[in-house]
Structure formats: structure tokens, C-alpha cells
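Every number in this text was worked out from the coordinates using simple rules, so none of it is lab data. What you are looking at is a predicted structure, and each value in this text was computed from that prediction instead of being measured. Every residue, glycine among them, receives a Cβ derived from its backbone with ideal geometry; neighbour counts consider all protein chains shown.
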Number of protein chains: 2
Amino acid sequence: MKKKLLIIKKFGGTSLSNIEKIKKAAKLIKKEVLLGNKVVVVVSALGKTTDKLQSLINKISFNSSAEEIDTILSSGEQASSGLMALALKNINVKARSFLGWQVPILTNTSYGKAKILDIDSKILKKEINKGITPVIAGFQGVSNEFRISTIGRGGSDTTAVAIASKLFADRCDIHTDVEGVYTADPRWVRKAKKIDKLTYDEMLEMASVGAQVLEPRSVSLAKNNNIILWVKSSFKNVQGTKIDDSTKLEKRNVSGIVFSKNDSKITLLGIPDKPGVAAKIFGSLANEDINVDMIVQNISSDGKYSDLTFTVPQTDLFKAKKCINRIKDDIKVKNILPDSNVAKISIVGIGMRSNAGIAEDMFKALGKQKINIDLISTSEIKISVLISRRNLKKAINVLHKTYNLG
Amino acid sequence: MKKKLLIIKKFGGTSLSNIEKIKKAAKLIKKEVLLGNKVVVVVSALGKTTDKLQSLINKISFNSSAEEIDTILSSGEQASSGLMALALKNINVKARSFLGWQVPILTNTSYGKAKILDIDSKILKKEINKGITPVIAGFQGVSNEFRISTIGRGGSDTTAVAIASKLFADRCDIHTDVEGVYTADPRWVRKAKKIDKLTYDEMLEMASVGAQVLEPRSVSLAKNNNIILWVKSSFKNVQGTKIDDSTKLEKRNVSGIVFSKNDSKITLLGIPDKPGVAAKIFGSLANEDINVDMIVQNISSDGKYSDLTFTVPQTDLFKAKKCINRIKDDIKVKNILPDSNVAKISIVGIGMRSNAGIAEDMFKALGKQKINIDLISTSEIKISVLISRRNLKKAINVLHKTYNLG
């Protein structure tokens, strides 16, 4: 007899944007139940509900209270958990909804970006043993102040993995509107292919630099708890992408290419080359909560001056410029050049750490196409370059070909 | 020094249908707070939110689970309580939202139409004493199964009065999109006037037969607990309608005229006049949960047959016809005549019980206009007649004039 599994299935907002899609998702769940498996469902809010609620909030108040915002936003997942439970019951799957405070999913009091402290699994296990499929409202928990908290945008992925960890689930399926993780965004690269397997670190790097399918925090959590993750279609019954460490020893160079257009570049020209200047610059940016990503510094030929280039999130560009202007006289910078017309492109692969030629292939391929590289940053399993935005599509396609991903 | 008051202020969906209206309501609340009064706010869901959620539910399942429906519907009031708390904070009124389970408002497990069993006032009182204005999500509570319950449509009125009773509030303001209770619907009677004062019984009769401003249950509850109710505008600072028993001894005949177009008439012709036939008919309707309102029976001239006419809610007409058809042969009815083209018009007034001429005035006035009366039913302070729907407007206006309400 085949072993019966405990499976967590998470459905995102795009998979629940209308009643037909909710019913389709319910059928996918029923299929697992009919196989004799136990299923726990985690749902996001329907379609664009969270964005709509956020826009109401913005119209009332910018100087807002995080507790109240969490009360408002969490109502979206509340409705969808009830609707999914109804849809399941309607096709004769025993189900019931659970809100964060009903499980309960205990968090700290950092409303809006709360951390899950613990999940009480007693009631959940009782329901599962009775043959009931719990449908948990994602993204939300409850603090020790007895108020609703939310765990940050995209938090339903994290809810799903946290539940999987607590219940020692056999796997956690993240259902989405694509069929899995791709070697590159199929809207940009015609020959992009679905990836069958990724390690946690590869998925983490890809999620961090642009792949929208998974929240990076949830990948970390899955890695730490050894939860087998699957990224799967909500609509088609096709094999998705499996994420675990079982393929760690396989020899692969580059698994995928991701990009982001959310960064801006700032170049500071002619800074006197004195100790402490960089610390001053990045210290003052950090004080303003501005996240600096890539950094490059060049020394002028006479060794007296240096040029410093770095990237910040595009949404923080204005704040960053103001910040540099404030310390301009102090650091004696000659010129400040902001540039939003850039894109970051990253190749990710576990094989990279033992293969020195990969970076070289990347730079050569881009050079051949006359695509200039502004900045480079690398990790053990990722190389990112900053290029001009107009070259983005060409660059992705040439790299996709270079590493034989098609 | 003027006595500081504790005031409950309830705002309905039409008073909260957009952000501007929410901000206006917040200003009305602030005004009371600036007078040194303590305020507790109760809110309905924004605009048509509940209807929209209900239509999603209907698309999934007709054979639905009341617990899940309550989880879904209550999300509307959850969002509005948070939004109102934000709006208050934004104009420097200390506020916080409370959901039913946070107060808690304890109900039984009759999901969808739950009864409030108790309200724990400890946390509310603590917040009020700290100078914080609680904003309570109306319509919802929590059962001893730790699940969200709702207390029926229009339940926010009941929530407000229940909170007022528990906190011994000095008054309970029901804010709405009209300026108070009128002698007749101003859209139908040009000369309709706002009523300054009504007794609980008058309000109860008016609410039960068509005045939409207040939920009848909440009026009963206010009567039982002697809560002074006010029906007031959400937007204009004008005196509304006060509802209490202080005017009980005043001599007034007719306070107002209300109507309803939600009833249908069924006439059963030629029923053999035998004992037990009426019991059979109304028993089988009751078994189907069909509420019969007005009933008239005539005996034919030879005393052998009788005609029976009664009204049922228009939404139940189909069910009622099916029900009568089932027992048709048993009761030997000759003909069944359904008619939806009817309207019920009621005059309400505390003075009626000691003034026999009032009914006569009504029938005379309608007769003069050649308006036929199909059915009559009376209570101590109300006379209702069923007439043809096409005569409704004329009838209301002539009665409004007859009793000098203009």
C-alpha cells in the first residue's frame, strides 16, 4: 500500500481571482483527498483584494496605525478561507476555515511585518484526524495583545511553509498561475523551459533577484526545516518545479536567469580618497532605511580621487539623493549622477561555485553583443550584472542561449 | 458643569459607502469627544460590501454552511472597523477597532441568526477609561465553538443597542442617510415631516411594517433595557427622531404611515367549510417556514363553502403555491389565485388604542378615493390594509392628509 501523505497546498490571489478559479482549486484539493492523502490548504486574498483595501487605507491616512491596517488587510484572507471551505464542502470534501487567531498562529507585535513565533497544532491535528481539510487564511496571525497581525506582503507562502514545518508535512505545494519556475521569464525568452528541480539556495537567489513565484522568506524557512517545496500550476495537472536539496550533488552550471527593473543607480564622482568616506555615505543611507545592493568603487589614475557607484531600490531613489545632498559638503563629492534606466540581470546555479569559467562566459557573451556592464556582484551561486535597461531583453536571450537553457 | 455622557454611535453601510463619508462620520464622533463625552462607535460594512460577499457565496453553493458564510460576511465589518479607527486617529481622536471575538460579544451557535448571550465589558471599559474610542464591528460575535457568528441582516443596530445596554449608555444614536423617522416616506409624500418623538411601540410597529431606518429587534431590545434611541443624519447636524417612552402619555392619534411592497396575496376559493381545514393549510405553510401575515376568511351565502385569503412574503410565493398544491386534493379547494400586485399600508400611533374613530377615518378616506381594501389587520397601535399596488401612492398621500401629518 502506498504511504498516505500530509500535504500543504497554498493558493495565491491570482489563482483565486474568480469563483471558477476557486472551484478549480477545490477540485485539485479533492483529487489529493481521494488518493487518501491528508491536505491542509492555505489561501491568499481573492485577486486584487489586498491592493483595493490598501488603496482605501491610503486615502484615509498616510500616518497610519499598523494594528488597524492589519485588521483591515487580513479581512481579505478571512473571506477567501470561508469561500474555499464552502467550495470544498460543495463537492463533498469535509472542510472548515481557520483564521490566524483560531489556529492560533502566534506572532510578535511587529504589525505589518510580524514574525511567526509559534503555531499551535493541537486543533488542526484534531480536525485532520477527523478527516476534515483545514483551510487556513494566509498572511495573518494573532499577537499576545489579542490583535490580528500580518506577516508582510506575499506572507501566505510563509504561512504555508510554517504550517508544513509544524505539522511535519510530506510536502508543500505552492500553486500559482504558471506551471513552475522557468529558466527565464517566458514572456521575455521564447525558449524558456520549466525547471524540474532546484536547490533551496538556487530558489532563494532566484526569488531574491526577481522570480516572483515564491517569497524568499518562505524558501529560507523551507530550507531550515527541510520542507520539500513544489511550485505548481493551479489549473493544469502538470509536473511543476521541485525545490529541495536532493539534487545538491548534481553537476549543473546555470539553472536560470532572472532580472529586476526595480533598482536605480547612483554614481558619486570625484570623492577624495580618504578613509571613512564610504562609511559616512553608507551609514547615512542605512540610517534612512535605504537598502544598498550592488557597490563598485574605482580609484582615479592619480590615486587622489575615487568614483563610487551603487544601486538602491527605485522607490528609494529620491530619498537617497536627498540623503547624499545632506552630506555632500562633508564628503566633498564633485558630482552626483542618478540613473533609473538600468536593469539587473542574474544567473543562478548551484554548479557555479566549482566552475570558474561561468562568469567569463557571461561577460564574453554580453561583450560580443556590445552590452556594457556597469556593475557586477557575485555570491557563491549567483552572478548579477547591472546593464542599461534597453539591452535587457537582448541580454536575457543571449545568456539563455549561452548556458544552453532552451 | 454639564454631565459627561456615554454615547453609542452606530453608522450603517450607506453612511460609510466611500472614504469621504467615513471621514464625515469621524468628524461627528470627534465633536462628541470634544464636548467631553465618551463615545463607543459601532459600524456596518462599507456600502454594498455584504451584498457583494453574499453574491460570491451564492455563486459557490446554495447548500451552504452557515459557519463559513458568517466567516465570510463578517469580514466586511472587520475592514470598516479598522478604517473608521484609522479615520479617527487621523483627526487625533484616540481610537481602536474591536472585532466581535475581541470584545468578546458572545453568541449562541445559531450561525447566520445568532443571539447575543453576553457582552464582556471589561476590556471596553478599560479602553474607554484610557480615553480611547472603541470602534466595534457590528453584526458579529463569537460562539463558544470559537467561531465567528453573525446575528442577522441589519444586525449592527442590535449590536449598538446591546452595547448600550451593557455599558448603561446615556443614549444610542443610530446614524443613517436620512434625518430621522418621517410621517411617511418623503420620496412618496411631498409633505412628509420628520417626527420628533416616538414611543418604542410605535417605532417597533413602523419598523416591522416597512420603515427601513431601524431593525425591529434592536427596538425591542432598547425598550426592554430602556435605552434612549435617536435616529439621526450621518451628514447633517440636525435634530433627529428620539425614541423612548417619555411621550407615552401624550395624546397623539397617528404618528406615521408606512408601507411595504414585499407581500403577495393568495386566495383559496370554494373550500368546504369543515373544521380543521385552516389548521391544515397554515400548518403546512408553517412547516415550510413560510410566514403568513394577514388572514381573512369569508363564508359563502349558503354556508357550505368559504374563501380564504392570506399574505406571504413575496419571496415565498412560489414555495407557498407548491405547498398548497400538495394539499389541494386533501382540502378540496376549488381554485387558487395568487396575486403579487398588492401593497400593505399601515398607520401607526400610540393614541389609537383609545380612539375608535381612527379606523373609520382610514376606511372612509380610502373609500372616497375608490381605493378597494382587500384585507385588514390591526394591533393596539397599528391598522394595516392590503390594497392594489397601483393605488399605493394615492393612498399614502390621502391618509397623510387625513391625519394632518403634513
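What to note about this one:
- Inter-centroid distance (Cα atoms) of the range B:287-337 relative to the range A:163-190, Å: 61 Å
- Distance (nanometres) between label positions extended 7 Å along Cα→Cβ at B:Ile91 and B:Lys191: 3.8 nm
- In plain terms, the chain from A:Lys280 to A:Arg389 could stretch by 36.3 nm, reckoned as 0.36 nm per residue minus the Cα-Cα distance.
- In chain A, the beta carbon lying closest to the axis that superposes A onto B belongs to the residue given here with its whole-angstrom distance, A:Ser75, 2.
- The protein assembly as shown - Rg and Dmax from Cα coordinates, angstrom: 34.1, 126
- Residue order for A:Lys194, A:Lys236, fewest other beta carbons within 10 angstrom first, comes to A:Lys236, A:Lys194.
- Distances, shortest first, from the label point of B:Glu145 to those at the same position in the other copies read 3.2 nm; the point lies 7 Å along Cα to C-beta.
- Other-copy label distances relative to A:Asn237, 7 angstrom Cα-Cβ extension, nm: 6.7
- Computed FRET value (nearest 0.05) for B:Asn58 with B:Gln297, which takes r as the C-beta separation and R₀ as 30 Å: 0.20
- Inter-copy label distances for B:Asp177: 3.3 nm (label point placed 7 Å from Cα along Cα→Cβ; shortest first).
- Residue-averaged beta-carbon neighbours from other chains (10 angstrom radius) around B:90-99: 3
- Note on A:Asn108 and B:Asp170: with the Förster distance fixed at 45 Å, the Cβ-Cβ geometry gives a FRET efficiency of about 0.70.
- Taken about its Cα centre, the protein assembly as shown carries a charge dipole of roughly 1220 debye when the Cβ of each Lys and Arg holds +1 and the Cβ of each Asp and Glu holds -1.
- Taking the fewest neighbouring Cβ atoms within 10 Å as the starting point, the ordered list for B:Ser246, A:Ser234, A:Ser81, B:Ser208 is B:Ser246, B:Ser208, A:Ser234, A:Ser81.
- Its Cα centre serving as origin, chain B has a Cβ charge dipole (Lys and Arg +1, Asp and Glu -1) of approximately 1540 debye.
- Note that the range A:25-41 has calculated 3J(HN,Hα) couplings of 4, 4, 5, 4, 5, 4, 4, 5, 5, 5, 6, x, 7, 8, 10, 10, 9 Hz, one per residue in order, obtained from phi through the Karplus relation 6.51 cos²θ - 1.76 cosθ + 1.60 (θ = phi - 60°); glycine and proline are x.
- Computed over chain B, the per-residue total of -39500 (n - 2.57) for DSSP H runs of n ≥ 4 gives a 222 nm mean residue ellipticity of -11000 deg cm²/dmol, rounded to 500.
- The string of couplings for the range B:215-222 from the Karplus curve (6.51, -1.76, 1.60, θ = phi - 60°) is 6, x, 4, 5, 5, 4, 4, 5 Hz, one whole number per residue in order, with x for Gly and Pro.
- Simple rule: put +1 on each Lys or Arg Cβ and -1 on each Asp or Glu Cβ in chain B, find the dipole, and look at B:Leu34, B:Ile227, B:Asn262; the Cα lying farthest toward the positive end is B:Leu34.
- Cα-based shape type of the range B:340-406, given that a ≥ b ≥ c are square roots of the gyration tensor eigenvalues and the cut on a/c is 1.5: prolate
- Distance-filtered residues of the range A:139-183 - backbone nitrogen under 15 Å, label point 7 angstrom along A:Lys3 Cα→Cβ: A:168-172
- Each of B:Ala320, B:Asn237, B:Ser284 was placed along the dipole of the range B:187-327 (beta-carbon charges, centred on the mean Cα), and the one lying farthest toward the positive end is B:Asn237.
- Taken about its Cα centre, the range A:227-380 carries a charge dipole of about 320 debye when Lys and Arg each add +1 at the Cβ and Asp and Glu each add -1 at the Cβ.
- Whole-Hz Karplus values for the range B:2-7 come out as 6, 5, 7, 9, 10, 10 Hz, taken residue by residue from phi with 6.51 cos²θ - 1.76 cosθ + 1.60 and θ = phi - 60°; glycine and proline positions read x.
- Per residue, the convex hull spanned by the alpha carbons of the range B:6-177 comes to 95 Å³.
- Spin-label model, A:Lys236 to B:Ser340: label points 7 Å out along the Cα-to-beta-carbon direction sit 4.7 nm apart.
- Rounded to two decimals, the Cα radius of gyration of chain B over 2.2 N^0.38 Å is 1.09.
- Cβ crowding within 10 Å, taken as a proxy for footprinting-reagent exposure, orders A:Glu215, B:Glu32, B:Glu202 from fewest neighbours to most as B:Glu32, A:Glu215, B:Glu202.
- Measuring how big the range A:4-99 is from its alpha-carbon positions, Rg and Dmax come out at 15.4, 51 Å.
- Translational diffusion of the range B:99-184, µm² s⁻¹ [Kirkwood Rh, Cα pairs; Stokes-Einstein; 10 °C; 1.306 mPa s]: 116 µm²/s
- Efficiency of FRET from Cβ geometry, B:Glu20 and B:Asp118, R₀ 35 Å, rounded to 0.05: 0.40
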